[in-house]
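Chemist: First, the structure itself, so that you have it in front of you.
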């Protein structure tokens with residue numbers, strides 16, 4: 001019986017509930033903004049001929065698709081599709097043997113995969129990891145992993 005008496009008649013909870021109800025009554029109700037009914041998804045951005053020519057010229061000058069992707073705010077598959085549609089021969093993806101050796105040296109010197117990827121001009125850290133494994137470099141555990 002003492003236990004029930006302790007937990008019943010919590011006046012402070014009633015007061016908090018009353019104060020909260022008053023606060024909610026004073027607030028104005030906002031209607032949620034609904035998307036237009038006639039459009040189910042946002043319009044795709046059109047790429048102008050001038051921008052396509054810029055992308056082709058930059059790619060031919062040696063800029064990677066990842067860098068083009070960031071500069072032009074387009075998906076990688078869009079960049080690749082534009083290049084292919086305009087007859088541009090795609091470069092070999094990944095690292096050369098010399099780059100892979102340099103990446104291994106940098107990794108052994110405690111550089112991160114992300115740092116090395118950025119060093120080689122926006123190559124994916126996954127590509128760097130693959131090249132290191134091919135060089136028989138054992139990868140360090142990822143930050144925060146339990147292994």
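Chemist: Tell me yes or no: at least one residue of segment 38-54 is on the phi < 0 side of the Ramachandran plot, assigned to a helix (DSSP H, G or I) and modelled with pLDDT under 85. Explain how you work it out, then say what you get.
Modeler: Initial filter on segment 38-54 (on the phi < 0 side of the Ramachandran plot): 38-54.
Keeping just the survivors that are assigned to a helix (DSSP H, G or I) gives 49-54.
Now restrict to residues that are modelled with pLDDT under 85: none.
Among the residues of segment 38-54, not one is on the phi < 0 side of the Ramachandran plot, assigned to a helix (DSSP H, G or I) and modelled with pLDDT under 85, which makes the answer no.
Chemist: Here's something else I'd like to know. Any idea which residue in segment 103-118 is modelled with the highest pLDDT, counting only those that are loosely packed, with under 14 Cβ neighbours inside 10 Å and not in a helix (DSSP H, G or I)?
Modeler: Among those residues, the one meeting the criterion is 109.
Chemist: Applying the selection to segment 112-123, what residues are in contact with a helix residue (DSSP H, G or I) (Cβ under 6 Å, 6 or more places away or on another chain) and in contact (Cβ under 8 Å) with a residue 40 or more places away in the chain?
Modeler: Correct list: 122, 123.
Chemist: Which ones in segment 64-92 are crowded, with 16+ Cβ neighbours inside 10 Å and either more than 18 Å from residue 45 (Cα to Cα) or touching a residue at least 60 places away in the same chain (Cβ under 8 Å) (or both)? Full working, then the answer.
Modeler: Step one: filter segment 64-92 for residues crowded, with 16+ Cβ neighbours inside 10 Å, giving 64-69, 72, 74, 78-80, 82-83.
Selection gives 64, 65, 66, 67.
The values are calculated or read from the model by the stated rules, or taken from the named source; none is laboratory data. These figures come from a predicted structure and were not determined experimentally. Please note: Cβ atoms are built from the backbone with ideal geometry, for glycine as well, and neighbour counts cover all protein chains shown.
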